Amino acid sequence: YRSPARRRNIFVMGEPRHIIIHGHFYQPPRESPWTGLISPEHGASPFQNWNERILSECYTANAHAHTMQGSVVHVRNNYESLSFDVGPTLAGWLQTHGKTAYRAMTRGDALYAASHGGHGNAIAQSYSHSILPLLPPRDRELQIGWGIDDFVFRFGRKPAGMWLPECAADDDTLASVAAAGVQFVILASDQGNFRGPGAETRGAGPFQWRSGDLSLAVFRFDRELSNTVSFGDGLADGARLAEWIAVTALNLEPGAALMIATDGETFGHHSKHGASELARALKALEERDDVIVTNCDDYLATHAAAGSFEIPAATSWSCPHGVERWRSNCGCRNDASTSQEWRAPFRAAMDFVKYHAEATYDRFAPALVKDPGAFLRGGIRLLIDPNPAVHEETFKRFAVTVEYNREMLLRMIEMVRAGQAALTSCAWFFDDFGGLEGRVALRWAARAVELAAEHSASVENELLERLRGINSNRRENGDAATLYLSLKTREARGRV
């Protein structure tokens with residue numbers, strides 16, 4: 001990135017355009033809810049599982065991306081220049097199994113923040129990657145609050161922005177984000193009504209959303225350029241990509257920002273040489289005098305809103321039908337021969353588990369802690385941070401001194417978290433619940449049901465009744481109940 005001194009010299013010549021490239025890094029909680037280990041995943045060969053494969057191809061590759069200049073090899077940490085979010089379910093796994101990448105992410109954020117007034121590259125993500133507009137207010141606020149706590153633990157500061165899973169948003173979601181103290185979100189350019197001087201351009205804004213006393217900045221990413229990076233040949237040549245970006249940005253007003261956003265896994269996993277070509281693009285852009293590579297927080301600190309934003313209905317970046325992809329047979333699928341009639345009843349079954357876990361907590365937690373709602377919101381740190389001193393401080397803050405009560409509350413938070421994990425978005429994104437992603441949801445549902453049964457009669461038989469009528473597109477999977485029982489049996493064998 002350009003030093004502040006060099007940036008001041010550029011401003012004398014006329015304010016350049018600003019470039020923001022954002023990577024959304026996420027993996028579902030593939031670990032066993034019982035052992036914390038990921039079972040072998042055949043498609044990830046030659047690696048044991050997809051997390052390990054993507055770690056090698058993407059997360060670590062971006063930590064030390066290689067570029068050539070003549071005969072000289074340059075190695076850079078792309079996280080020092082890339083705006084990014086890393087999902088809590090992925091960050092927790094990286095902390096143990098991908099330490100090089102994890103340190104590069106936190107260090108990249110810290111280095112940029114140190115030289116740019118505290119405006120780091122990282123932003124938060126809601127905790128379980130569930131679709132926020134489909135959640136009731138309590139769950140939505142829990143997801144946002146847990147995501148903020150996870151971010152503070154990992155990056156040591158409060159997040160200025162938050163990535164909404166699948167960019168799924170509506171007015172209620174934006175209100176919850178704003179109420180939590182977050183300053184901005186990122187949406188696609190076709191996800192609402194952008195108005196004002198910058199609305200007719202390809203600029204990122206920001207645009208101001210308001211509802212009563214609440215307000216939120218909305219940055220919009222350029223669909224065309226983002227799609228070129230995600231699905232086209234944008235990463236075939238980093239120098240060419242930098243030129244495309246710069247030419248597009250220079251058509252904006254002086255001082256305006258252009259934004260690209262894509263899945264972070266594009267940079268090395270989906271695109272084989274994505275990490276090195278991203279490094280080439282960043283290097284080429286940073287060597288120019290007419291553009292500045294920055295992030296949303298840094299840009300927002302010195303630029304006023306370019307207009308206003310309104311969102312008429314729930315919307316997302318990956319479903320033209322709003323948020324139907326995660327609850328109905330809306331037509332979004334990869335294989336046209338498959339049916340998505342399973343989506344609605346599968347959603348209802350996972351909702352049933354989540355609500356049961358919450359009802360169990362609401363019934364039994366008041367006997368263990370004076371303010372069970374506040375404890376549920378703030379107690380997630382117990383599952384994030386293994387430091388015994390943090391556990392002691394957390395329990396003391398909520399006046400929980402009895403060891404038995406502490407143990408029960410810890411298991412109850414794990415129960416609620418498991419119920420929330422059963423709603424991770426990727427379980428509905430693809431063509432069948434029998435894939436790896438749907439199996440993740442079923443395993444976490446089983447764990448939530450098991451933990452809830454420690455306090456009251458098990459609802460597993462009722463859950464199985466709901467799952468029996470949900471048929472897979474793959475004959476070998478049978479129905480969802482059969483798959484659920486098969487997964488539980490395998491898990492039990494693995495723990496013997």
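At most 11 other C-beta atoms within 10 Å and a DSSP loop state: those are the exposed GluC sites (Glu not before Pro) I care about. Give me the longest piece of the chain that has none. After excluding every exposed loop site, the longest remaining stretch is 288-496. Per-residue ellipticity at 222 nm, computed for the chain from helices alone with -39500 (n - 2.57) per DSSP H run of at least four residues, works out to -13500 deg cm²/dmol.
Neighbour counts of C-beta atoms inside 10 Å place ARG474, ARG347 in the sequence ARG474, ARG347, starting with the fewest.
How many times 2.2 N^0.38 Å is the alpha carbon radius of gyration of segment 136-258?
On the way: Rg = 16.4 Å, N = 123, 2.2 N^0.38 = 13.7 Å.
Output field value: 1.20.
Were the residues from ARG103 through GLN69 laid out at 0.36 nm apart, the gain over their Cα-Cα distance would be 9.6 nm.
The C-alpha atoms of the chain define a longest principal axis, and helix 88-97 lies at about 90 degrees to it.
The phi-based Karplus calculation (6.51 cos²θ - 1.76 cosθ + 1.60; θ = phi - 60°) puts the 3J(HN,Hα) values of segment 365-377 at 5, x, 7, 10, 8, 5, 10, x, x, 5, 5, 4, 5 Hz, whole numbers, x for Gly and Pro.
Could you check how many percent of all C-alpha pairs in segment 328-495 are farther apart than 22 Å? Kindly include the intermediate steps, with their values, before the conclusion.
Working: 6722 of 14028 pairs.
Everything past 22 Å amounts to 48 percent.
Relative to the Cα centre, the charge distribution of segment 328-495, modelled as +1 at Lys and Arg Cβ and -1 at Asp and Glu Cβ, gives a dipole magnitude of about 140 debye.
Equivalent-ellipsoid semi-axes (√(5λ), Cα gyration tensor) for segment 34-111, whole Å, largest first? Display every interim value, and only then the final one.
Details: eigenvalues 132, 58, 14 Å².
Listed largest to smallest, the semi-axes of segment 34-111 are 26, 17, 8 Å.
Work out the P(r) tail for segment 256-327: percent of alpha carbon pairs separated by more than 21 Å, whole number. Distances greater than 21 Å cover 53 percent of the Cα pairs. The distance separating the Cα centre of segment 364-425 from that of segment 434-496 comes to 25 Å.
Give the percent of DSSP beta bridges with both residues in the chain that are antiparallel, rounded to the nearest 5. Show your work: numbers first, answer last.
Numbers: 15 of 43 bridges.
In the chain, approximately 35 percent of DSSP beta bridges are antiparallel ones.
Site pair LEU485 and ARG377 shows an inter-label distance of 4.3 nm when each label is modelled 7 Å from Cα along Cα→Cβ. What's the FRET efficiency of TRP244 with ARG475 using the Cβ-Cβ distance as r and R₀ = 56 Å, to the nearest 0.05? Plugging the Cβ-Cβ distance into 1/(1 + (r/R0)^6) gives 0.75. One entry in [x] 22.9, 72; [y] 23.9, 75; [z] 22.5, 80 is Rg and Dmax of the Cα atoms in Å calculated from the shown coordinates; its label is [x]. Each of SER276, SER45 was scored by other Cβ atoms within 10 Å of its Cβ. Listed from fewest to most, they are SER45, SER276. Relative to the longest principal axis of the Cα atoms of the chain, the long axis of helix 403-421 lies at roughly 60 degrees. Listing CYS58, CYS332 from fewest to most neighbouring C-beta atoms within 10 Å gives CYS332, CYS58.
Where a number appears in this text, it was derived from the coordinates with a stated rule and is not lab data. This is a predicted model, so every value here is computed, not measured. Virtual Cβ from ideal backbone geometry, glycine too; neighbours counted across all protein chains shown.
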